[in-house]
Amino acid sequence: MTKQTPSQTICSEGNQCAVTTSGLGYQWPHSNVELQFPDITLKRGEHLFIKGPSGSGKSTLLSLLAGMLRPTSGTVSLLGEDITPLTNGQRDRFRADHMGVIFQQFNLVPYLTTLGNVTLPCRLSTKRHQRAKPEPPQEAEGLLADLAIPKSHWHQPVTRLSVGQQQRVAAARALIGHPELILADEPTSALDTDNRDRFIELLLTLGQRAGSSVIFVSHDQSLATHFDHELFLEARS
Ligand SMILES: Nc1ncnc2c1ncn2[C@@H]1O[C@H](COP(=O)(O)OP(=O)(O)OP(=O)(O)O)[C@@H](O)[C@H]1O
């Protein structure tokens, strides 16, 4: 039903693993079928591309990996810790400390400035704050410059930015404070091919600099070449 290529990386030590899943399944409320997912093993610092047609379960899988949904069967371990038995609050805390998430719709906070959005994870997590060097505002400015957001926009409400710029602000917010995991759900769907490739290269380069593993969901097979591993989810009948 599904495959992970090239051959799965084995990380024998828990602390070398970014992600390991086992027998993962999720049944949406009011649905009579459980979506089942192949086991994933991803080493720290490696990047995984998850693809598949609409409805194959890509976003559901990403939500399970992000700890936003609790599996109805199986387990998810992140950075050597089994997050499955944690309470919702504990999983939220784990996500704030260790993950940057880029959503399809970016989920930026409309009443905050561009810089306010990027530094937000450091206000929600002491760990992220401590890892932002030298301080969150300076790291945020460095990321915004790397991502080609004009300085004139940094103190403006984020809603004044173009869609492509907002997408890059969402990437900066995910990267600040060097989270070990970056999860991105089809954040390039609004971009043309050139900008899409450039964005992914930048995300992976900046992720690499931060030592992060990037897990990227898309239905666009042409993006797979940028990643160490790929996982294909087949259509559900
Ligand atoms: N909030 C929800 N409530 C009930 N069922 C849902 C919900 N979200 C997704 N599903 C169901 O789970 C299945 C997988 O959906 P999911 O959104 O994970 O697929 P996807 O591969 O990400 O699709 P797309 O590429 O269109 O975003 C679908 O059958 C969908 O109807």
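Summing charges over all other residues whose Cβ lies under 12 Å from the Cβ of HIS98, with Lys and Arg as +1 and Asp and Glu as -1, gives +3. Could you tally the net charge around ILE83, taking each other residue with its Cβ under 10 Å from the Cβ of ILE83, Lys/Arg +1 and Asp/Glu -1? That works out to +1. Among the chymotrypsin sites (Phe, Trp or Tyr not before Pro) found in segment 89-122, those both in a DSSP coil and sparsely packed, with 13 or fewer other Cβ atoms within 10 Å of their Cβ, are TYR111. Stokes-Einstein diffusion of segment 79-134 at 10 °C, 1.306 mPa s viscosity, Kirkwood radius from Cα pairs, rounded to a whole number: 124 µm²/s. Distance between the 7 Å Cα→Cβ label points at ALA145 and SER22: 4.7 nm. Computed from phi, the 3J(HN,Hα) profile of segment 59-65 under the Karplus parametrisation 6.51, -1.76, 1.60 (θ = phi - 60°) reads 5, 4, 4, 5, 5, 5, 5 Hz, with x in place of Gly and Pro. On the basis of the beta-carbon distance and an R0 of 30 Å, GLN208 and THR159 show a calculated FRET efficiency of 0.45. Rounded to the nearest 10 degrees, the angle from helix 193-209 to the longest Cα principal axis of the chain is 90 degrees. Using a simple spin-label model with pseudo-atoms 7 Å out from Cα toward Cβ, HIS30 and THR225 lie 4.3 nm apart.
Can you classify segment 128-184 as rounded, prolate or oblate using the Cα gyration tensor, where a ≥ b ≥ c are the square roots of its eigenvalues, rounded means a/c under 1.5, and otherwise it's prolate if a/b beats b/c and oblate if not? Cα axes put segment 128-184 in the oblate bin. Every helix of 4 or more DSSP H residues in the chain counts as -39500 (n - 2.57), and over all residues that averages to -10000 deg cm²/dmol at 222 nm. Stretching GLN105 away from MET68 to a fully extended chain increases their span by 11.7 nm, per 0.36 nm per residue minus the current alpha-carbon distance.
With 0.36 nm allotted per residue and the present C-alpha distance subtracted, the ASN88-THR113 stretch has 6.1 nm of extension available. Under a no-solvent Debye model with one identical scatterer per Cα of the chain, what's log10 I(q)/I(0) at q = 0.12, 0.13, 0.16 Å⁻¹? Per q value, in the given order, log10 I(q)/I(0) is -0.65, -0.76, -1.15.
Label point 7 Å out from THR193 along Cα-to-Cβ: which residues of segment 219-233 have amide N under 12 Å? From segment 219-233, the list is 222-223.
Each value in this text was obtained by applying a stated rule to the coordinates, not by laboratory testing. Everything numeric here is computed off the predicted structure, so don't read it as measured data. Methodologically, a virtual Cβ is constructed for each residue, glycine included, from the backbone with ideal geometry; neighbour enumeration extends over all protein chains shown.
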